[in-house]
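What follows is a short report on a single structure.
The values are calculated or read from the model by the stated rules, or taken from the named source; none is laboratory data. From a predicted model like this one, the values you see are computed outputs, not experimental measurements. We place every Cβ from the backbone using ideal geometry, glycine too, and count neighbours over all the protein chains shown. SASA here: full protein model, heavy atoms, side chains in, ligands and nucleic acids out. Shrake-Rupley method; radii C 1.70, N 1.55, O 1.52, S 1.80 Å.
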Amino acid sequence: VPSLKREMRNLSEECNLEPVTVSMAYVYFEKLVLQGKLNKQNRKLCAGACVLLAAKISSDLRKHEVKHLIDKLEERFRFNRRDLIGFEFTVLVALELALYLPENQVLPHYRRLTQQS
């Protein structure tokens, strides 16, 4: 999982996503881990869907930027975009549609990310 989080961060930086976006993706991802939703087959899809959802909700991405992000996710995590789009909904349901996160869940990650860079 730490290596997946590193991948999530690197990819987010390549796509110029804000640290707060990465922090949200981490929180989503950890919630899925705690729910026992991750396995060897789906963990990259989980990571990708978390980044995609966080990017959509926290930043005003334009259509081509979303497409670019999906291209990058597909290339980095080596999955099919159709699987990713389908999995995005699965993750959304697992998170009970709760994409807006309380500050206290996001801040610890945010602090770590901004101190590292």
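Quick look at the values:
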quantity	calculated
Cα Rg over Rh - the chain, Kirkwood	0.92
Computed lengthening from R112 to H64, 0.36 nm per intervening residue step minus Cα-Cα distance	14.3 nm
MRE, 222 nm, helices only [DSSP H, n ≥ 4, -39500 (n - 2.57), over the chain, to nearest 500]	-24500 deg cm²/dmol
Area of F77 that stays accessible when all protein chains are in place (1.4 Å probe, Å², to 10)	10
Region 1-112, accessible surface, carbon-and-sulfur percent (1.4 angstrom probe)	52
Charged-residue dipole, Cβ positions (Lys, Arg, Asp, Glu), the chain about Cα centre, Debye nearest 20	340
Choice from L61, L34, L17 showing the highest fluctuation, given a GNM over the chain with Cα pairs closer than 10 Å	L34
Alpha-carbon gyration tensor eigenvalues x 5, square-rooted, for region 70-117, Å	26, 19, 6
Most fluctuating residue given options S58, S23, S12, as computed from a GNM of the chain linking Cα atoms under 10 Å	S58
Residue-normalised accessible area of the chain, expressed per residue, 1.4 Å probe, Å²	59
DSSP-assigned coil residues among trypsin sites (Lys or Arg not before Pro) in region 23-73, each with at most 13 further Cβ atoms within 10 Å	K40, R62
R0 of 22 Å, Cβ-Cβ distance R81-S3: FRET efficiency to nearest 0.05	0.50
Protection-proxy order for peptides 93-101, 47-55, 2-10, each taking the mean of Cβ atoms within 10 Å per residue, highest first	47-55, 2-10, 93-101
